[in-house]
């Protein structure tokens, strides 16, 4: 799949708010109350955000897993979402899966650690990680400067990109058409929420989860949905008369796992494990499995600056 680049937005701040209250994930079609938003990237250097990527990592065999500050020894406790395929979701057998979670499982295996997943809402996830309810947050999290003031992150394992979703008979064909009195859905607390709020200068209709946002577009309660592309791809069905009308790549804020900002030992261990699965081809294999046909941007790669991306093994 090919995507448009974010060149026309490169100089425009993308914003994000950290909601501190838990938003109920109920499946109801009532939108969340608006939350305060802030310009998350104001003053940040949009050219050199790679400064956050480590030059290299500690060899995996040198990691002492008894000193990672885990909530439960030997187990990585992970907060994630249940409704955002193909990245993070619960399958029909009740298992937490998706690209992000399968990658984290492979990383944990490199460290000889178990993984325990629990479902939460995105708006609460980062605060829950920082407050040590979870060791790690797994939710295709874009690593903005504002988020780094509240929580730590690993090196990147994916790039950020977002979609404009609308009905096939709609006049909305992309971000440029979202203006005026267009009713646009977002999931509360996401980059898309604050992009619509701060960059487009609109008041979006905020929902607690991706399924509810999509259903409200489907039934005509909103005119468009600005969403993470992977989540949109997992939900949009042709028979619903809905399509992804525009995809926009943003490699300036890579996607990473969230870790408590004081737990550098765990961050370092996860970075080592990420390099290990990138080098041995596991990362490439999972990309082919979960995002078949997707092209990786030429200006981005996963893991540390030193790691070489291995080829898919199957």
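The values are calculated or read from the model by the stated rules, or taken from the named source; none is laboratory data. Bear in mind that the values here come from a model prediction, so they are computed numbers and not experimental data. Cβ coordinates were reconstructed from backbone atoms using ideal geometry, including for glycine residues, and neighbour counts include every protein chain displayed.
Observations
- Against the conditions (1) in a loop (DSSP other than H, G, I, E, B); (2) at pLDDT 95 or above; (3) under 27 Å from residue 203 (Cβ atoms); (4) under 19 Å from the mean Cα position of the chain (by Cα), residue 172 satisfies every one except (4).
- Within the range 279-311, tally of residues that are loosely packed, with under 14 Cβ neighbours inside 10 Å, modelled with pLDDT of 85 or more and in a loop (DSSP other than H, G, I, E, B): 5
- Residue 223 within 26 Å of residue 108 (Cβ to Cβ), touching a strand residue (DSSP E or B) at 6+ places or on another chain (Cβ under 7 Å) and at pLDDT 90 or above: no
- Test set (1) in contact with a strand residue (DSSP E or B) (Cβ under 9 Å, 6 or more places away or on another chain); (2) assigned to a loop (DSSP other than H, G, I, E, B); (3) farther than 26 Å from residue 279 by Cα - residue 70 fails condition number: (3)
- For the range 256-268, the criterion of being free of Cβ contacts under 8 Å to residues at least 40 places away in the same chain and not in a loop (DSSP other than H, G, I, E, B) is met by none of the residues.
- Consider the range 188-220 and keep the residues that are outside any helix (DSSP H, G or I), touching a helix residue (DSSP H, G or I) at 6+ places or on another chain (Cβ under 9 Å) and modelled with pLDDT of 90 or more. The one that is surrounded by the most Cβ atoms within 10 Å (Cβ to Cβ) is 204.
- Residues being assigned to a helix (DSSP H, G or I) and farther than 15 Å from residue 257 by Cα - total across the range 93-122: 2
- Number of residues in the range 82-100 that are without any contact (Cβ under 8 Å) to a residue 40 or more places away in the chain and surrounded by fewer than 22 Cβ atoms within 10 Å (Cβ to Cβ): the value is 7.
- With respect to (1) in contact with a strand residue (DSSP E or B) (Cβ under 9 Å, 6 or more places away or on another chain); (2) at positive phi; (3) surrounded by 15 or more Cβ atoms within 10 Å (Cβ to Cβ), the lone exception for residue 255 is condition (2).
- Test: residue in the range 142-150 that is outside any helix (DSSP H, G or I) and at pLDDT 95 or above: no
- Residues of the range 74-92 satisfying the condition of being closer than 20 Å to residue 232 by Cβ and part of a loop (DSSP other than H, G, I, E, B): 81, 82, 85, 86, 87, 91
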